[in-house]
Amino acid sequence: IWLSQEVGALSLDLATAQAIIAASHEKARELGILVTTAVVDAHGDLVALGRMEGARSLTIKIAGAMAHTSAAFRANGADLMKYAGSPWFDSYRLMEGGRILPASGGMLIWIGGELVGAMGVSGGSDAQDKQCSEAALAAIA
């Protein structure tokens, strides 16, 4: 599933990453939660990270791991959850030093039909994190 997605020639710039974070945090405020949003490029390297004031510190690493996972597998986190616990998936998680976390808040970022990165949101329930990610992606569509 993840190998079928090609990385595009476009890159994810800081302004777009910051817009994603702002929209995610706006949705979090509507939901009454405090989150951290991580945005990575198509290779899983951090472009920007935003932690709402009062969001738990552990959300920093969790959001980053969600974003990294989506970028590494070129798939939304929800689509990867079915592989959690399988021997090959757990082996990869170990090789990556635990940075692999399939969850609904991890989503791919597409611009102009090209894969440019991924994002992760942590701080609410799985469903709330997903809502924040969806709102952020809708804001840049």
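Scanning the stretch 122-138 for residues that are under 13 Å from Leu101 (Cα atoms) and surrounded by fewer than 20 Cβ atoms within 10 Å (Cβ to Cβ) turns up just one, Asp126.
Reported count of residues in the stretch 22-41, each being acidic (Asp, Glu) and either open to solvent by less than 10 Å² (accessible area, probe 1.4 Å) or within 21 Å of Val116 (Cβ to Cβ) (or both), is 1. Within the stretch 45-70, the set of residues being within 19 Å of Arg93 (Cα to Cα) and surrounded by fewer than 19 Cβ atoms within 10 Å (Cβ to Cβ) comprises Asp45, Leu46, Leu58, Ile60, Lys61. Considering the conditions (1) among the aliphatic types (A, V, I, L, M); (2) open to solvent by 20 Å² or more (accessible area, probe 1.4 Å); (3) under 14 Å from Asp129 (Cβ atoms), Leu14 is excluded by exactly one of them, (3).
Screening the stretch 1-57 for residues that are assigned to a loop (DSSP other than H, G, I, E, B), at pLDDT 95 or above and of a type in the set (A, V, I, L, M) and picking the one that is nearest to Ala72 (Cα to Cα) gives Val35. For the stretch 96-114, a tally of residues being farther than 12 Å from Asn76 by Cα and either of a type outside the set (A, V, I, L, M) or touching a residue at least 40 places away in the same chain (Cβ under 8 Å) (or both) returns 8. Screening the stretch 76-121 for residues that are open to solvent by less than 50 Å² (accessible area, probe 1.4 Å) and in a helix (DSSP H, G or I) and picking the one that is farthest from Leu137 (Cα to Cα) gives Phe89.
Selection of first residues in the stretch 30-59 that are under 17 Å from Ala19 (Cα atoms) and of second residues that are of a type in the set (Asp, Glu) and surrounded by fewer than 21 Cβ atoms within 10 Å (Cβ to Cβ), restricted to Cβ pairs under 7 Å at least 6 apart or on distinct chains, gives the following pairs, ordered by first then second residue: Val47/Asp41.
The values are calculated or read from the model by the stated rules, or taken from the named source; none is laboratory data. Nothing here was measured: the structure is a model prediction, and the numbers come from that model. Cβ atoms come from the backbone with ideal geometry, glycine included; neighbour counts cover every protein chain shown. When the accessible area is computed, the model is the full protein with side chains, heavy atoms only, and any ligands, DNA or RNA have been set aside. Shrake-Rupley method; radii C 1.70, N 1.55, O 1.52, S 1.80 Å.
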